[in-house]
Structure formats: C-alpha cells, structure tokens
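For reference, the structure is listed below as structure tokens.
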Amino acid sequence: MEGTLRDRLRACLTTGSKADRALASYILAKTGSVPFETATTLAAKVGVSEPTVGRFCRSLGYASFKDLKSQLKQDIGDRPWLISDRLKAFQARALAGENALAQSLQLEMAGLVAVYELTQSESWKSFVKRLSVSRRVFAVGFQTERAMAHMFAHQLQYLRDGVQLLDLDGGHFAEILATEPEGATLVMFEARRYSRLARLLAREARASGIPVTLVTDAFCDWGAELADEMFVVPTEFNLFWDSTAQMASLINLMMNAVSIEIGPSVEARMTRVSQLYARFTGHVGDAHGPET
C-alpha cells in the first residue's frame, strides 16, 4: 500500500474490514497517544484481538505495531505539545499531587492539533464548499451530541440562509427525506454508544441522494460506508465523561471556513440578523429596547 501512514489509514476507513476500520479510525483520532500504546492495550481499547492488530499493521505495509508506531512518531514529532512555562508549572503542580488532569490536558492539546489537521484534507475542502453553496443544510445530533448540532445550526444561520435543525420528536424526518434532495446536505454529530437513528438516517439520506457528513469519535466503524465525509475527533481525555470539546472546536473551524468561502455577503447577513435580534429581543446596554 502506497502513501503516507495517514493516507493509508484514511483509505482503510472505506476499504477495510470492520475491525480494520475501527483500528484506523482510532489511530487517526489518537495520533498523539497511540505511540505510547502497545498492541495489547490498543486491542483492548478498540475491542479487537491482539493478533488482529498485527494483521492490520501488516496490511498497511508495516512489519508490526511497533513499526507502525515508529512511523507515526516521525509524523507527529517528539516535541511536547505547545508547552509554555505556565503549562509546565501546571503539570508540575498536578503531578506533585498525582493529579490525572495533567495527562488529560496533554491529551486535549494533542486532540486539538488533530482537529486542526483535519482542515488540511481534500474532504474538508469539499465539505466547506458544499456547506457554502447548498440550497439547504440540515443538522442533527443524538443523545449528548444534540448540543453540537444546535451549536452548528445556530451559528451557521448567522452566516447563510436555508439552515435547519432536524426535529427528533416528529419520528419521521420528513423535512429532509420527503423534500427535494437536490441541493440539500446533512451534517450529523454522533458518538458512542451510537443511536440506531443515526445510522438509519444516514443510510436513508444517502439513498435519497443527499450528501452526508458525519462528525464522530474514534470508535465509529459504520460511518465511512454511509457518509461522504467522516471527520473523526478525539473524545477520550481520562475524564469522567467523554468530551465533546473537540467537536465544538471543529464547528468553530467550520464557521471560519464557510465565512471565508461565502465572502463579503456574510457581513450583510450577520448585520441583518443582529438588527432583527435587537428589534425583537435586544442586547444588554442597548439604548433602545425591542419594539412592542
């Protein structure tokens, strides 16, 4: 298999077996911490056998997991992630008290770098273009990721028209599946344990000819075959709850890219939205309140 390690892993997301897709997805999302894993610990975290990890590495052209890690370490470098004096001081205080937050902070920063790296891919460029020119953009999230879909939809509404948050209570998704598919696109946010609605909706939208973009975690082994783009973000930082912070960071990067892609008309749109908010609701410190 030719190409860089990242290229091989991304290709595996669409061509590999279920176990291979799970491993590739995990490694792409965890590039900052994978060099410190063993084949045993990686297998346990992904839910496959240790021999499967070995076969996976050989299928990518590497003699062993150790060989793959060596290449990955070259890709990300040996330097600490953005370490400043303040960070060093925090780490020293945390480690002195055997505080696990120091490691969590390292993982979060490595995750943020991985999120920014997503913006360098061709799939990102295609996604931003579609997000900017599609007639209608539908957003949906399930379980705790509903908040991410709300954030995405509400922010994008400031930049362009035709953005709609799907109604989960209706039970039929007719607003997207019973409408003209041409010029429509679906952006989905989901992480484990995955709602059956997520996979079903992605399948139905894809079958209707509607492009699907999935923002998910490193454990999703079904998204690559149902989504036009799948952006895998880190969610595990040794905290009580899996974190959606990197999804929020990715949404911020989406808004930035779309504003650039759309161009000057964004300013007029945002001004109009602000005027409407001032008229109906108002901001703190406004000289005049909303009209009655």
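Here residue 287 meets each of (1) in a loop (DSSP other than H, G, I, E, B); (2) in the same structural domain as residue 145 (by TED's automatic domain parsing); (3) exposed (fewer than 13 other Cβ atoms within 10 Å of the Cβ) with one exception, condition (2).
Per-residue answers, yes or no, for (1) among the acidic types (Asp, Glu); (2) farther than 16 Å from residue 261 by Cα; (3) out of contact with any helix residue (DSSP H, G or I) (no Cβ under 6 Å at 6 or more places or on another chain):
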{"position": "139", "(1), (2), (3)": "no, yes, no"}
{"position": "144", "(1), (2), (3)": "no, yes, yes"}
{"position": "150", "(1), (2), (3)": "no, yes, yes"}
{"position": "153", "(1), (2), (3)": "no, yes, yes"}
{"position": "158", "(1), (2), (3)": "no, no, no"}
{"position": "186", "(1), (2), (3)": "no, yes, no"}
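You will find that of 19, 11, 39, the residue that is modelled with pLDDT of 90 or more, under 29 Å from residue 228 (Cβ atoms) and surrounded by 13 or more Cβ atoms within 10 Å (Cβ to Cβ) is 19 and no other. Per the conditions (1) at pLDDT below 90; (2) under 24 Å from residue 157 (Cα atoms), the sole criterion not satisfied by residue 218 is (2). Given the structure, is residue 246 assigned to a helix (DSSP H, G or I) and within 20 Å of the chain's Cα centre (by Cα)? Taking the combined requirement at face value, the residue satisfies it. Determine if the range 188-201 includes at least one residue that is surrounded by fewer than 16 Cβ atoms within 10 Å (Cβ to Cβ) and within 20 Å of residue 28 (Cβ to Cβ). So far as the range 188-201 goes, yes, one or more of its residues are surrounded by fewer than 16 Cβ atoms within 10 Å (Cβ to Cβ) and within 20 Å of residue 28 (Cβ to Cβ). Does residue 149 qualify as being in contact with a Phe, Trp or Tyr (Cβ under 6 Å, 6 or more places away or on another chain) and either under 30 Å from residue 113 (Cβ atoms) or not hydroxyl-bearing (Ser, Thr, Tyr) (or both)? Yes; evaluated as a whole, the condition is true for this residue. Taken together, the residues in the range 188-215 that are at pLDDT below 95 and under 14 Å from the mean Cα position of the chain (by Cα) amount to 2.
The values are calculated or read from the model by the stated rules, or taken from the named source; none is laboratory data. Just so it is clear, the structure is predicted and the values come from calculations on it, not from any experiment. Every residue, glycine as well, gets a Cβ built from its backbone with ideal geometry; the counts of neighbours run over all protein chains shown.
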